[in-house]
Every structure is written in structure tokens, then in C-alpha cells.
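Take a look at the structure below.
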Amino acid sequence: MRLIELPTLWTVILDILAWLVIHLGVVALMIRVPGDRFHPEGPLYRPRAWERAGRLYERVFRIRSWKERVPDGAGLWRDRGFPKRRLARRDASYMKAFCVETCRAELTHWVIILFAPLFFFWNKTGVGWIMIGYALAENLPLIMVQRYNRLRFARVLEKRRKDF
């Protein structure tokens, strides 16, 4: 049961504006969190056995064929964004920073998903479920890219550490 009754046009406008505010608002807050708060070995970010060091993303989701097509929102935040589409450098400190930024991006997308149930307040139940589906369809691929990249960089960093 929705709490707010609106005409269909206003509901659609509210849905669009709400997603825009949620996306931009969460990102604006997350880019202000200091990088030392994101630890690639933390409970949310650490590698899982079922990911099989990233091979799950390669074999099941064929991530290599589409990951370059996902948007990188860093360009919207020139003063604080960390572009992740291409490696700027290959040194260990940059790769560690990149891993931290994948954690930031992953958490950002998880938080955006958490807002989806709010849409039940002004949408019909079926539309509320569609909004949850949208949140998952839009954010889970981006989360997978962050996890996949972090797993790849962790392997490279571990190999470099062993070589020295």
C-alpha cells in the first residue's frame, strides 16, 4: 500500500527525480569519505572463495566482453573523482589507490540499491518491485566490475610483492 497518491505523470517525474537525487547524492557523500576508510580486505570487499579469483566473472558473466562499456562516473566529479576506465600508471602505490577506489565505488552502488524500497511509498506495488529490479540491474554489473578489477589488481600486487 502506497502512502502517497499521485497522478501517473507526477509519479513518473518523481521516480526520475528521486533516482537522480539518490545517485548524485550518494556519490557526492561517498567521494568525501577519506580513502583510508576503505580497506580491500575489509568484510564487504575481501575476495570470496566463490569468486575464484575473478574467474567467476570471466566465465559465468563474460565480464571482459562488456566491462569497458559501463560508464565511469568519475568524470562528473573532476575535483574528487578517480577515473577507473584506464590505468594512469602501473606502479604499486597507484594500483593500491585504484583498489581503494574500487571499494569506494562498490559501496556507493550497494548504498544506492538500499534506497530502492523507498519507491513503494508513492508507487503501486508492482512498480515498486520494478524499481528494485532497476536498482539491481543498474548497480550489480557495476559492483561486479569493481570486484573483478580489485581481484585482478590484488593478483598483480601479490605477484610483485613475491618478486621482490
**Relative exposure of ASP72, ASP36, judged by other C-beta atoms within 10 Å (fewest first)** = ASP36, ASP72
**Prompt:** Tell me, what is the FRET efficiency for TYR94 and VAL33 to the nearest 0.05, using R0 = 25 angstrom and their Cβ-Cβ distance as r?
**Reply:** 0.80
**Asked** Taking the simple approach of a point 7 Å from Cα along Cα-to-Cβ for both TRP10 and ASP72, what is their distance in nm?
**Response** 4.3 nm
**Convex hull volume per residue for the chain, taking Cα atoms only, in Å³** = 144 Å³
**Request:** Note down the relative contact order for the chain as a percent, whole number, built from C-alpha pairs under 8 angstrom at least six residues apart.
**Result:** 34 percent
**Message:** Between the stretch 38-65 and the stretch 109-164, how far is it from one alpha carbon centroid to the other, in angstrom?
**Reply:** 12 Å
**Complete:** Neighbours of ARG62 by Cβ distance under 14 Å: Lys/Arg at +1, Asp/Glu at -1, summed charge +3
**Candidate aspartates and glutamates for bridging to LYS96, where Cα separation is under 13 Å - those fewer than 8 sequence places away on the same chain excluded** = ASP36, GLU41, GLU158
**Message:** Tell me which of TRP10, ASN123, ALA28 sits at the most positive position along the dipole axis of the chain, charges placed on C-beta atoms (Lys, Arg +1; Asp, Glu -1).
**Reply:** ALA28
**Prompt:** Which angle from 0 to 90°, rounded to the nearest 10, does the C-alpha axis of helix 92-114 make with the longest principal axis of the chain?
**Reply:** 20 degrees
**Partner aspartates and glutamates for LYS67 [C-alpha distance under 12 Å; skip if fewer than 8 residues away on the same chain]** = GLU58
**Complete:** The helix 125-163 Cα axis meets the longest alpha-carbon principal axis of the chain at an angle in degrees, between 0 and 90 and rounded to 10, of 10 degrees
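Just so you know, all these numbers are worked out from the coordinates, no wet-lab data involved. Since this is a predicted model, take the numbers as computed values, not measurements. Cβ sites come from the backbone with ideal geometry, for glycine too, and all protein chains shown count toward neighbours.
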